[in-house]
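The values are calculated or read from the model by the stated rules, or taken from the named source; none is laboratory data. Bear in mind that the values here come from a model prediction, so they are computed numbers and not experimental data. No Cβ is skipped: glycine too gets one built from the backbone with ideal geometry, and neighbour counts run over all protein chains shown.
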Amino acid sequence: MKTFVDYLSISYTPDVINQINELARQGASVKAVTSYQGRIALQDVGCDYRAELKRLLSEFDFEYSADSDGVKHDYNHCRKELLSHVGLAALDKLCHAELVEFIAMFNREFDITGAEWEIQQREKGLFGYDYSASLLCNGSDVGKVAWGCKNNGCYISLTGMGCRAVDMHSIRRYFDSVPGAKLTRLDLAYDSLDGSANFATCSKLYKRNLFSLPNRKAPKYKIFVGGQLNHGKMSKLDACDGRTFYVGKRENGKMLRCYEKGKQVQSENNPDWVRWEVEFRAKDRVIPFSALTETDDYFAGAYPALAAILKEDGKPIKTTKRTYIRSVELAVENAAVGFGKLVNFMRNVMGKTDKEIVDRMTQHLEIDEIPDRLNIPPLDEGIEGLDIPASQLKPHIYDRTENHGK
């Protein structure tokens, strides 16, 4: 491989919390306890929280909002009540236990350096999780872990140093078997140690429009220069700390950094060293776990310019935004053709108000019953061009997890 993973972050949700989320989507609330054996003892050494919490859920008798008074309860309200009934502390213990089990895998299987891996708890949470810890490799901080049932479970990140100390094939195999696991950020890098692909190369490729995908507008660029003022007969700026060429914005889900690493680290062996690094985020896209092991393919697929650098074709990570918008437009157009005349009749002949028409045509539906083709994660900034702001979207309909890894 010419490229490598230089940063990653992953989030995942334990099965028990997934079960609670599904119950909340169905409008479930606890009606009674059938054979309660007592609260889980949080101080028990070696407690199997996964088994105990599943046992506790099995003892609950649930009722559903539609079964009682016909009122559709809010998902967040249902979820909050269910978490409280099961026990926030016990669920947080479960999340911590899952992470401890995962960290043990570093020592047993993932590590390729013979190092010792452990976590050191921090005093505060991280990215919306109530608890967090530093991930240590032989005492060096190489990442972060975080957990908490309110934020759906567990999070882990690895810095470049951490990524180089593990076998990515093992990481991929592990998470391929974890339902709902999600790569929230992935940085892929390529080093031009002799500087043959350098800052000027990046500028030329940008001018040739090789950072644009077909039928897309070129992403914006910016340049950062670090250095010092050299005094003399004519004072001048010396870019001794190197230059960085940025393409795109990380908040859009993809960004390139091309920077003079040799100058940044004052390398004597490789003074012309330039690093090309593309950062993917799970924004309008699903980052496949195959990208952990097929780094050249996904690096080259990020931009035509990077395919030119590696001299090979790549695998683009498709975005959902345009497809989603067009699907919504088509669904509305089809509904207008199929039911427009009926709606017109109800409004102008029957004298129904718009609210009465909508209520009549949707009263038999649950809140999460939407067309299958529209059942994909909504966009953080709303649906541009359709006048649907993000504040009006219902994330729980899509079983969406937070976009961590900031």
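Screening the range 93-130 for residues that are more than 22 Å from the chain's Cα centre (by Cα) and assigned to a loop (DSSP other than H, G, I, E, B) and picking the one that is farthest from ARG164 (Cα to Cα) gives GLU123. Taking the criterion of being in contact (Cβ under 8 Å) with a residue 60 or more places away in the chain and not aliphatic (A, V, I, L, M), the residues of the range 209-242 that qualify are PHE211, SER212. Across the range 80-117, the number of residues qualifying as free of Cβ contacts under 8 Å to residues at least 60 places away in the same chain, touching a helix residue (DSSP H, G or I) at 6+ places or on another chain (Cβ under 8 Å) and surrounded by fewer than 16 Cβ atoms within 10 Å (Cβ to Cβ) comes to 1. I'd like to check something: does the range 264-273 contain any residue that is assigned to a strand (DSSP E or B), crowded, with 19+ Cβ neighbours inside 10 Å and at pLDDT 95 or above? No: zero hits. Considering the range 227-263, the residues that are part of a strand (DSSP E or B) and among the basic types (Lys, Arg) include one that is farthest from ASP297 (Cα to Cα), namely LYS236. For TYR206, the conditions (1) over 24 Å from the mean Cα position of the chain (by Cα); (2) under 30 Å from GLY262 (Cβ atoms); (3) not in a helix (DSSP H, G or I) are fulfilled apart from (3). The single condition among (1) modelled with pLDDT under 80; (2) over 17 Å from VAL286 (Cα atoms); (3) outside any helix (DSSP H, G or I) that ARG326 does not satisfy is (3).
Please verify whether GLY180 is surrounded by 16 or more Cβ atoms within 10 Å (Cβ to Cβ), at pLDDT below 95, touching a Ser or Thr at 6+ places or on another chain (Cβ under 8 Å) and outside the structural domain of ALA24 (by TED's automatic domain parsing), treating the condition exactly as stated. In short, yes.
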